[in-house]
Each structure stands twice: as structure tokens, then as C-alpha cells.
Amino acid sequence: MVFTPVELEYLRSQRLGRIATVAPEGTLQNSPVSHVVDEATGVISIYGYDLGNTRKFHNIAANGQVAYVVDDIASLEPWSVRGVEIRGTAEALRDQTPPASHLSPEVIRIHPRRIISWNLGDGGEGSRRTVT
């Protein structure tokens, strides 16, 4: 299992994250997206309404480097934020079966190499680890 049980629970509870990609000329792009986690493999899938025509999809197809962050504010008083950052490689795939009929047949699949999580109710300590 790639993600800890606490990380999986958190990722399932959140609907929105931000994917950072690198364009062929080296500029960065950060986009809000939703995700689906395959708990057995640890792969994160990103779908969309017209995903194959987006800059993030083309960036991944050209380069494959990615960072994905899912976070939120757990409490304002006292201030407490929590989240998971995933760094790794990704693939841009066409002709896939989407999980819902309103989504296009493309998917970005993120393969974690490094996972950083913080304040997920597991004692408050952050976790940093490399996935092999």
C-alpha cells in the first residue's frame, strides 16, 4: 500500500486538489482538479470534461513531472492546516473509460515517488517518505 490508512481516509474526504505541471518551455502551471485514488496501487487519476485539450494534459504528455497537493483548513481557532503532497511522475492517457458519462475519455495518472503529509489526526506530526 502506497498511502497510509490516514492519508487514504483524508484523500477520500477531499474533492479538490491542485496539480502542478511543467510546460515544454519550462514554465510552470498549477490547476485545480478533482481526483480518484486507487487504494491498491496508490495511483491517483485525474479526469475532466475536456481533459485532452487542456494545457496540463499536454504538459504531462510532454514531460511527465508532476506535483499534486490536497489540503484544507482543519480549524481557524486554533489555526490548523492539514494535507498531502504527492510528487512523482504522471502519464497522459487517451481512449480510457471515464468513471462518469459527462467526463472525457482522457486521464492523467499520477504515480507517487514522494509523499508528504501533515496534521491528519495521527498525532500532528508530518510524514515524509519516498515510495519505492
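Taking residue 61 as meeting all but one of (1) modelled with pLDDT of 95 or more; (2) more than 20 Å from residue 8 (Cβ to Cβ); (3) in contact with a Ser or Thr (Cβ under 8 Å, 6 or more places away or on another chain), write down the number of the exception.
If we test residue 61 against (1) modelled with pLDDT of 95 or more; (2) more than 20 Å from residue 8 (Cβ to Cβ); (3) in contact with a Ser or Thr (Cβ under 8 Å, 6 or more places away or on another chain), just (3) comes out false.
Looking at 50, 38 in this structure, which one is farther than 20 Å from residue 115 by Cα, loosely packed, with under 14 Cβ neighbours inside 10 Å and among the acidic types (Asp, Glu)?
None of the other options fit; the residue is 50.
Give the residue, chosen from 2, 33, 37, 6, that is under 24 Å from residue 81 (Cα atoms) and touching a helix residue (DSSP H, G or I) at 6+ places or on another chain (Cβ under 6 Å).
Result of the check over 2, 33, 37, 6: 37.
Which members of region 53-84 meet the condition of being among the basic types (Lys, Arg), over 16 Å from residue 115 (Cβ atoms) and buried (at least 16 other Cβ atoms within 10 Å of the Cβ)?
Within region 53-84, 56 is the sole residue that qualifies.
From the list 73, 86, which residue is without any contact (Cβ under 8 Å) to a residue 24 or more places away in the chain, closer than 20 Å to residue 31 by Cα and part of a strand (DSSP E or B)?
73
In region 10-62, which strands (runs of 3 or more DSSP E) lie fully inside it and hold 2 or more residues that are closer than 28 Å to residue 73 by Cβ, out of contact with any Cys (no Cβ under 9 Å at 6 or more places or on another chain) and free of Cβ contacts under 8 Å to residues at least 40 places away in the same chain?
By residue number, 28-33.
The values are calculated or read from the model by the stated rules, or taken from the named source; none is laboratory data. Since this is a predicted model, take the numbers as computed values, not measurements. No Cβ is skipped: glycine too gets one built from the backbone with ideal geometry, and neighbour counts run over all protein chains shown.
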